[in-house]
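One structure below.
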Amino acid sequence: MRLLLCGYGASNRRVAALAKERGHEIVGVLLLRGQTADGFPVYRPDERLPEADAVIDFSHPVLTKALLDADTGLPLVIATTGEKEVLIKQMREKAVRQPIFFSANMSYGVHILSEIVRYAASLLPGFDIEMTERHHRKKVDAPSGTLIKLYDAIASARPNVHPVHDRHQTEGARTDEEIGIHSVRGGTITGEHEVLFAGHDETITIAHHAQSKDIFASGALDVAERLIHKENGYYTYDNLGIGDSGEE
């Protein structure tokens with residue numbers, strides 16, 4: 001594939017490296033300001049762009065919205081976190097003209113984790129739930145997009161729940177509907193997500209630990225390789241077909 005990268009942070013740097021290993025070509029990087037990208041040509045999203053097969057976007061909402069405003073007509077793999085509802089609305093509107101894939105976490109393992117958590121929430125109605133995510137000290141959003149994805153999975157099984165972010169500011173004992181949300185930032189932690197189900201005299205913990213950003217970069221390339229063959233529409237891991245036997 002000939003790929004455009006949207007944003008050039010740590011994740012897309014790994015996409016560039018792994019893309020080369022797979023025989024793909026990076027034809028440019030989309031940025032809003034006068035930044036450099038390890039020698040790759042830099043473009044604004046609204047400029048005339050080079051010929052490409054797909055765009056992989058690990059950036060931030062401002063740049064992603066600019067990408068969605070542009071008429072690229074290309075398959076878009078979007079992994080930006082922040083302003084989720086705004087971005088999803090814009091992606092769904094734009095997807096009538098091009099294939100667009102979105103996931104707050106490009107690890108297929110995290111997608112499976114969300115399915116496990118959803119199932120556990122329905123099987124354990126009397127258990128309290130606490131959620132913790134840990135990331136490196138430079139991550140700017142909290143809670144992480146992945147934790148929000150996991151919370152949404154739980155909420156689909158327990159419609160009456162609500163998040164509690166700052167328990168030290170609440171009074172009294174917790175209620176059955178609360179889900180505690182905890183964010184930890186420090187060092188170089190790639191990404192750790194844990195869901196604790198606490199019942200009477202027993203607990204169950206379901207967790208995912210990312211050991212490098214390569215799982216996200218590789219996941220994005222896997223998606224792009226499949227998305228370029230899809231019709232226009234809005235795709236997630238639920239309907240793209242990754243993880244099946246390979247049949248469409």
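The values are calculated or read from the model by the stated rules, or taken from the named source; none is laboratory data. Quantities reported herein were computed from a predicted structural model and do not represent experimental measurements. Cβ atoms come from the backbone with ideal geometry, glycine included; neighbour counts cover every protein chain shown. The area values use the complete protein model at the heavy-atom level, side chains included, leaving out ligands, DNA and RNA. Shrake-Rupley method; radii C 1.70, N 1.55, O 1.52, S 1.80 Å.
Apart from one condition, residue 98 fits all of (1) within 18 Å of residue 181 (Cα to Cα); (2) more than 18 Å from the chain's Cα centre (by Cα); the exception is (1).
Among the residues of region 171-200, which ones are of a type in the set (S, T, N, Q) and open to solvent by less than 60 Å² (accessible area, probe 1.4 Å)?
Kept after step one, since they are of a type in the set (S, T, N, Q), are these residues of region 171-200: 175, 183, 188, 190.
Hits for region 171-200 are 175, 183, 190.
Among the residues of region 154-170, those that are surrounded by 12 or more Cβ atoms within 10 Å (Cβ to Cβ) and either farther than 20 Å from residue 184 by Cβ or touching a Cys at 6+ places or on another chain (Cβ under 7 Å) (or both) comprise 155, 156, 157, 158, 161. Counting just the residues of region 104-153 that are assigned to a helix (DSSP H, G or I), of a type outside the set (A, V, I, L, M, F, W, C) and open to solvent by less than 40 Å² (accessible area, probe 1.4 Å), which one comes out modelled with the highest pLDDT? Residue satisfying both the conditions and the ranking: 151. Checking each residue in region 222-242 for being farther than 11 Å from residue 75 by Cα, at pLDDT 90 or above and not in a helix (DSSP H, G or I) picks out only 236.
Considering only residues in region 117-147 that are among the small types (Gly, Ala, Ser) and over 30 Å from residue 9 (Cβ atoms), the one that is farthest from the chain's Cα centre (by Cα) turns out to be 126.
Condition check ((1) aliphatic (A, V, I, L, M); (2) touching a Ser or Thr at 6+ places or on another chain (Cβ under 9 Å)) across all residues:
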{"position": "7", "(1), (2)": "no, yes"}
{"position": "12", "(1), (2)": "no, yes"}
{"position": "18", "(1), (2)": "yes, yes"}
{"position": "26", "(1), (2)": "yes, no"}
{"position": "30", "(1), (2)": "yes, yes"}
{"position": "40", "(1), (2)": "no, no"}
{"position": "54", "(1), (2)": "yes, no"}
{"position": "68", "(1), (2)": "yes, no"}
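Selection over region 89-98 of residues that are in a helix (DSSP H, G or I) and either hydroxyl-bearing (Ser, Thr, Tyr) or surrounded by fewer than 16 Cβ atoms within 10 Å (Cβ to Cβ) (or both) gives a count of 3. Going through (1) open to solvent by 10 Å² or more (accessible area, probe 1.4 Å); (2) in contact (Cβ under 8 Å) with a residue 40 or more places away in the chain; (3) aromatic (Phe, Trp, Tyr) one by one, residue 101 falls short only on (1).
Results for (1) over 19 Å from residue 106 (Cα atoms); (2) open to solvent by 60 Å² or more (accessible area, probe 1.4 Å), shown as yes or no for each residue.
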position: 29; (1), (2): yes, no
position: 36; (1), (2): yes, yes
position: 55; (1), (2): no, no
position: 59; (1), (2): no, no
position: 69; (1), (2): yes, yes
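Return the residues of region 121-138 that are basic (Lys, Arg) and either closer than 24 Å to residue 201 by Cα or in contact (Cβ under 8 Å) with a residue 24 or more places away in the chain (or both); say none if nothing qualifies.
First, the residues of region 121-138 that are basic (Lys, Arg): 134, 137-138.
Result: 134, 137.
When each of 64, 81 is tested for being in a helix (DSSP H, G or I), open to solvent by less than 60 Å² (accessible area, probe 1.4 Å) and of a type in the set (Ser, Thr, Tyr), the lone residue that passes is 64.
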